[in-house]
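S.K.: This structure is in structure tokens; I'll ask about it shortly.
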Amino acid sequence: MKPIWRLRPRTAIPHLRNSAQSQFTALRYSPVPRTYTTTNVLENLYDVVIVGGGPAGLSLATSLRSSSVTSRLRVALIEGLDLDVGRKWKPSGESYSNRVSSLTPGSVGFLTDIGAWKHVQRNRVQAYHGMQVWDGVSGSRIEFNWDVKNSSTIAYMTENVNLVHGLLSRLEELGGAQLIDKTRVEGISFGEDHGTLDLRTWPVVQITGGRKLAARLLVGADGANSPVRTFAGIESRGWDYGRHGVVATVKTEDMPSVERTAYQRFLPTGPIALLPLPENFATLVWSTTPEIAAQLKKLSPTDFVAMVNSAFRLSHVDIAYMAKMDGGISQEYQWRQSVTPIDSAGVPSTVLEVQEKSIASFPLKMRHADSYISERMALVGDAAHTVHPLAGQGLNQGIGDVQSLIRTLETAVQTGKDIGSTLSLESYYSDQYFKNNLMIGVVDKLHKLYGTAFPPVVAVRSLGLRAVNAMEGLKSMIMKQAAGER
Ligand SMILES: Cc1cc2nc3c(=O)[nH]c(=O)nc-3n(C[C@H](O)[C@H](O)[C@H](O)COP(=O)(O)OP(=O)(O)OC[C@H]3O[C@@H](n4cnc5c(N)ncnc54)[C@H](O)[C@@H]3O)c2cc1C
């Protein structure tokens, strides 16, 4: 007769306290006689079940497999979409995805440590070393110029699909994690008491087809509408910005080959940013009203390009006027440009064309979960927080979460604690929550501060921007923060 193993808290197995073995492998050391047939229950027991195979969920699965401390844990990841899209990604050099993230050197350092960055196609990643940020009403500006001596990189522009491809390749190289894709989580409940196998405090995830997976630790990496967060009963608070982020891939006039700069201009309707990709490609993120976003998506490519060039060069009054035009924007721009003095030193290279089918938009919102943990559950990435994209921090925060959670789990395994207990998870929450809260707050205030053309506010913020621009020490501190140095 095959024995069945009683589940006990990890701390109840003192001789295994410093072992990095799977907590299930560990249980094999304490067999008890079988009293209940639960073979299929046992097959579906996991140390960690991750819901969500976006960049945050895949980073966590990769870290768990690549760490020598956690590599024996039994890990499953469930993703609703087809992971083959990222796995078999074969890009053409002639086009770039419109979903691109600026990854800080801190995030890239972590991705390198877990062995994923070497699988990212580096010829499609563009580092930038300078930033030009200015007020679209007063013209005051803050410049972060490339320091040839220190040559510090501010961020690496990386297509999200390239990162996902790199993470999936690394996971395949490591093996061992069960990736269940094209499968949705349809329900989550607590398990049952099977006599010798008491799963009443364990989350059990029901997926398409009826299979059920029980998790010692269930991680929600399932995006802004996280089903795991809902099941955990964790409130997520915040507001919608009433703004949409319009993204597109564009081609510009030739840019300097070595130094690359990111440009962001704050208009009263929201900031517009142009960030460099390899060669003379660039990615656009234009946060604006839903009405302007809808109009931008309807324009002909020539008029769209003219609108983007105007948004970096003309006055906010001109832009507001042109945003109401249904056509003829290109001619309007040429005329206005010929009669408007423009300082071309601080603006990006002229956009020449927009890549076909690359214009899309996303509603922007700020949300922050009240907690990132509850008994046997943790949240990472957008499931825990969503932030306005003006500082390019959303995914970087998600990678920061993973970095912190993996440290927490390593400590739990090394000290023989139950990885699902809130006691073990507490340090993840205390490490990340307040750091993220500060960033979300700063970004939110920046959005509000620049979302007006009211003269006294413009005067105060312009004074502040000029003062900061004059203080090299403070600027270097801001640069370090932006680069994810901790
Ligand atoms: C316009 C814009 C620009 C941005 N620019 C930047 C930037 O420059 N830098 C930066 O750091 N961040 C940026 N961000 C933010 C960044 O894109 C997100 O923070 C990041 O993609 C979130 O990753 P995630 O893995 O947490 O969530 P997601 O990518 O949303 O992944 C969640 C996954 O969970 C899956 N899922 C959900 N529910 C279920 C279910 N029931 N069953 C199975 N699977 C499920 C989904 O299919 C999805 O794949 C930007 C965002 C926007 C909108």
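The values are calculated or read from the model by the stated rules, or taken from the named source; none is laboratory data. This one's a predicted model, so the numbers in the text were calculated from it and none came from an experiment. Neighbour counts are summed over all protein chains in view; Cβ atoms, including those assigned to glycine, are modelled from backbone coordinates with ideal geometry. Note: areas computed on protein heavy atoms with side chains; ligands, DNA, RNA excluded. Shrake-Rupley method; radii C 1.70, N 1.55, O 1.52, S 1.80 Å.
S.K.: Would you mind classifying the range 237-311 by shape? Square roots of the alpha carbon gyration tensor eigenvalues, ordered a ≥ b ≥ c; an a/c under 1.5 is rounded, otherwise it is prolate if a/b is larger than b/c and oblate if not.
M.R.: Judged from the Cα gyration tensor, the range 237-311 comes out oblate (a/c at least 1.5, b/c at or above a/b).
S.K.: Amide H neighbours of ASP198 under 5 Å, counting only residues 5+ apart in sequence or on other chains, H built in-plane at 1.01 Å?
M.R.: For ASP198, the qualifying residues are LEU7.
S.K.: Rolling a 1.4 Å sphere over the protein heavy atoms, what is the accessible area per residue of the chain, to the nearest Å²?
M.R.: Working: 21020 Å² over 486 residues.
The answer is 43 Å² per residue.
S.K.: For the range 367-477, with the dipole built from +1 on Lys and Arg beta-carbon atoms and -1 on Asp and Glu ones, taken about the Cα centre, which of VAL442, GLY420, VAL460 lies farthest toward the positive end?
M.R.: It is VAL460, whose Cα lies furthest towards the positive end.
S.K.: Here's another thing I want to ask about it. If you plug each phi of the range 161-172 into the Karplus form 6.51 cos²θ - 1.76 cosθ + 1.60 with θ = phi - 60°, what whole-Hz ³J(HN,Hα) values come out, in order, with x for Gly and Pro?
M.R.: Here the 3J(HN,Hα) series is 5, 5, 5, 4, 4, x, 5, 5, 5, 5, 4, 5 Hz.
S.K.: Rounded to the nearest percent, how much of the accessible area of the range 91-154 (1.4 Å probe, protein heavy atoms only) is carbon and sulfur? If you can, show how the numbers build up before the last one.
M.R.: Numbers: 1210 of 2700 Å².
Accessible surface attributable to carbon and sulfur in the range 91-154 totals 45 percent.
S.K.: Calculate for the chain the 222 nm mean residue ellipticity that helices alone would give, adding -39,500 (n - 2.57) per DSSP H run of length 4 or more and normalising by residue count, nearest 500 deg cm²/dmol.
M.R.: -11000 deg cm²/dmol
S.K.: Right, another one. Let's test the formula: R0 of 22 Å, r as the Cβ-Cβ distance of ARG237 and THR452. What FRET efficiency results, to the nearest 0.05?
M.R.: Efficiency, rounded to the nearest 0.05: 0.35.
S.K.: Take the solvent-accessible surface of the protein heavy atoms, probe 1.4 Å, and return the percent of it on the range 155-292 that carbon and sulfur atoms account for. Let's see the in-between values first.
M.R.: Numbers: 2430 of 5230 Å².
Exposed carbon and sulfur together represent 47 percent of the surface.
S.K.: So which of LYS88/LYS182; LYS118/LYS357; LYS298/LYS357; LYS251/LYS298; LYS297/LYS357; LYS365/LYS445 end up more than 21 Å apart by C-alpha?
M.R.: Flagged as over cut-off: LYS118/LYS357.
S.K.: Quick one: 3J(HN,Hα) in Hz for the range 290-302, Karplus 6.51/-1.76/1.60 with θ = phi - 60°, rounded, Gly and Pro as x.
M.R.: 3J(HN,Hα) across the range 290-302, in whole Hz: x, 5, 5, 4, 5, 5, 4, 6, 8, 5, 5, x, 5.
S.K.: If we count every other residue with Cβ under 13 angstrom of GLY80's Cβ, Lys/Arg +1 and Asp/Glu -1, where does the sum land?
M.R.: -3
S.K.: In addition: Once amide H atoms are placed 1.01 Å from N in the peptide plane, what residues at a sequence separation of 5 or more from ALA155, or on another chain, have their amide H within under 5 Å of its amide H?
M.R.: Hits under the 5 Å cutoff: TYR128.
S.K.: Extent of the range 196-329 along each principal axis, from alpha carbon coordinates, in Å, largest to smallest?
M.R.: 73, 37, 28
S.K.: If amide hydrogens are placed 1.01 Å from N in the peptide plane, which non-local residues have theirs closer than 5 Å to the one on SER140?
M.R.: ASP135
S.K.: Output the peptides 280-290, 167-177, 216-226 sorted from most to least packed, where packing is the average of other Cβ atoms within 10 Å over each peptide's residues.
M.R.: Averaged packing, sorted descending, gives the order 216-226, 280-290, 167-177.
S.K.: In addition: Just to check I understand the Karplus step: with θ = phi - 60° and J = 6.51 cos²θ - 1.76 cosθ + 1.60, what whole-Hz values come out for the range 433-442, glycine and proline as x?
M.R.: Calculated HN-Hα couplings, in order: 4, 6, 4, 5, 4, 4, 4, 4, x, 4 Hz.
S.K.: Note down the Stokes-Einstein diffusion coefficient of the range 183-247 in µm²/s, whole number, using a Kirkwood radius over alpha carbon pairs, 20 °C, and 1.002 mPa s.
M.R.: Reported coefficient: 154 µm²/s.
S.K.: Right, here's the next one. Using all C-alpha to C-alpha distances in the chain, build P(r) with 10 Å bins and read off the rounded percent in each one.
M.R.: Final binned percentages: 4, 19, 27, 23, 14, 8, 4, 1, 0, 0.
S.K.: Here's a follow-up. Using a 1.4 angstrom probe on the protein heavy atoms only, line up ARG237, ARG313 by accessible area, largest first.
M.R.: Numbers: ARG237 135, ARG313 30 Å².
Output order, biggest surface exposure first: ARG237, ARG313.
S.K.: Report the normalised scattering of the range 213-261 as log10 I(q)/I(0) at q = 0.31 Å⁻¹, calculated by the Debye formula with identical scatterers on the alpha carbons.
M.R.: Listed by q, the Debye log ratios stand at -1.22.
S.K.: OK, next. Work through the residues other than ARG376 whose Cβ is under 12 Å from its Cβ and net out their charges, Lys, Arg +1 and Asp, Glu -1. Present the calculation step by step, with values, prior to reporting the outcome.
M.R.: Working: positive: ARG200, ARG216; negative: ASP47, GLU375, ASP418.
Local net charge: -1.
S.K.: Carbon and sulfur: what percent of the range 344-432's accessible surface (1.4 Å probe)?
M.R.: Of all accessible area on the range 344-432, carbon and sulfur atoms account for 51 percent.
S.K.: Along Cα→Cβ, 7 Å out, is where each label goes; now give me the distance between the ones at THR230 and VAL442 in nm to one decimal.
M.R.: Computed distance between label sites THR230 and VAL442 equals 3.4 nm.
S.K.: Taking the DSSP beta bridges in the chain as the whole, what percent of them are antiparallel, to the nearest 5?
M.R.: Of the beta bridges lying entirely in the chain, close to 70 percent run antiparallel.
S.K.: Can you give me the orientation-averaged projected area of the convex hull built on the Cα atoms of the range 74-148, in nm²?
M.R.: Mean orientational projected area (the range 74-148, Cα hull): 9.3 nm².
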